[in-house]
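Taking it in order: structure first as structure tokens, then the write-up.
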Amino acid sequence: MTELSRRSLIKGLTALPAAGMVSGFPLIARAAEFSLKYGNNLPLSHPLNIRAQEAADRIRKESNGRVELAIYPNNQLGGDTDMLAQVRSGGIDFFTPSALVIATLVPAAAINAVGFAFTNYDQVWKAMDGQLGAMVRAEIAKRKLYAFEKMWDNGFRQTTSSKGAVQSAKDMDGLKIRVPVSPMPIAMFKGLGAAPASLQFSEVYSSLQTRIVDAQENPLPIIQVAKLYEVQKFCSLTNHIWDGYWFIANGRMWESLPADLKKIVATAINDAGMAQRADISQLNASVQADLASKGLQFNQPDAESFRAALRSSGFYKDWQGRFGKDVWSLLEGAVGKLA
């Protein structure tokens, strides 16, 4: 470099604004040390993705750009089964499966979906933030996955019908009800004397409309989005199953993060999960009001008659045997005697 060109370079550098200088040189955009991918099955407008984006922004800021979290919503990376396989292989770094989805890999994870186990959110969070949740996280870890401490909320499932309100277990007798293709809800509704039919969700509206089935069960936001109020008249707040999302990470990736970054990521994700829980609570209240304005009639049955029917049918004893006494005792420690 000639003396003239050197002088020109120095002159140009010293003319740059001070904000763009670090030790006499311009700022250079650097790629993140850790670029992480998170997939889920919900639209961007769902509270889960809104809060996840807040967590991503916080992680980027608090890590000084060392960690970037890219969100792929709405099944962009495949269905639940695909994403579960990807997070295990390292194809993606984070995934939020519902408990029933991850239960295909970790059977103990289905424990929170036992029928009529939880009567309210106080019981849910006592269990899932306590010993029961810790046990499930330990089982998930055996599969080389890391589960964050705080579960995210998917809500209680409710029962709708065109025949009449479900006031007690007796009203389930012979009720033709659509249920997911999953062993536990099928067994539960059979134990209540209903006639469950496993149908894909895409078939629910037409099946209700043509009376192939008379009833179905889903969280309130799903009932709203799918416009099931057009083909159902009654909604009984049975709260028969609570389900949530485990925020899980690929184990190898998680172990590769330095301790300071693990703390930043875990704190941001757990805090976001707590905020999402509050969002779902508020959403359910507004959704119920909207559905009522559309003509859906609500009632609040007492859970005890359903529990009694499931006890007498042997449902609880059967699933106690499947889960094992240790797991079952942790559930009953939070909700009271079931079997």
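The values are calculated or read from the model by the stated rules, or taken from the named source; none is laboratory data. Nothing here was measured: the structure is a model prediction, and the numbers come from that model. Neighbour counts are summed over all protein chains in view; Cβ atoms, including those assigned to glycine, are modelled from backbone coordinates with ideal geometry. Ligands, DNA and RNA are stripped out before the accessible areas are found, and what is left, the full protein with its side chains, is counted by its heavy atoms. Shrake-Rupley method; radii C 1.70, N 1.55, O 1.52, S 1.80 Å.
Across all Cα atoms of the chain, the radius of gyration (one decimal) and Dmax (whole number) stand at 24.8, 96 Å.
Measuring nothing but protein heavy atoms, the accessible surface of the stretch 227-313 at 1.4 Å probe radius is 53 percent carbon and sulfur.
Between Ala134 and Thr210, what is the FRET efficiency for a Förster distance of 35 Å, r being their Cβ-Cβ separation, to the nearest 0.05? Display every interim value, and only then the final one.
On the way: r = 46 Å, r/R0 = 1.32.
So, using R0 = 35 Å, E works out to roughly 0.15.
In the context of the full set of protein chains, the stretch 53-166 has a per residue accessible area of 40 Å² (1.4 Å probe). In this model, which of Lys142/Lys337; Lys142/Lys263; Lys163/Lys337 are farther than 26 Å apart at the alpha-carbon? Beyond 26 Å: Lys142/Lys337; Lys163/Lys337.
Mind running the shape call on the stretch 236-339? Use the C-alpha gyration tensor, a ≥ b ≥ c as the square roots of the eigenvalues: rounded below 1.5 for a/c, prolate if a/b tops b/c, oblate otherwise. Spell out each step's value before the answer.
Details: a/c = 3.43, a/b = 1.29, b/c = 2.67.
Here the stretch 236-339 falls in the oblate category.
With N set to the number of residues, divide the alpha-carbon radius of gyration of the stretch 235-295 by 2.2 N^0.38 Å and report two decimals.
Values: Rg = 17.7 Å, N = 61, 2.2 N^0.38 = 10.5 Å.
Here the Cα radius of gyration is 1.69 times the empirical estimate.
Can you send over the carbon and sulfur percentage of the accessible area for the stretch 105-175, probe radius 1.4 Å, protein chains only?
Numbers: 1240 of 2740 Å².
That share works out to 45 percent.
Sorting 226-232, 290-296 by average packing, meaning the other beta carbons within 10 Å per residue, from highest down gives 226-232, 290-296.
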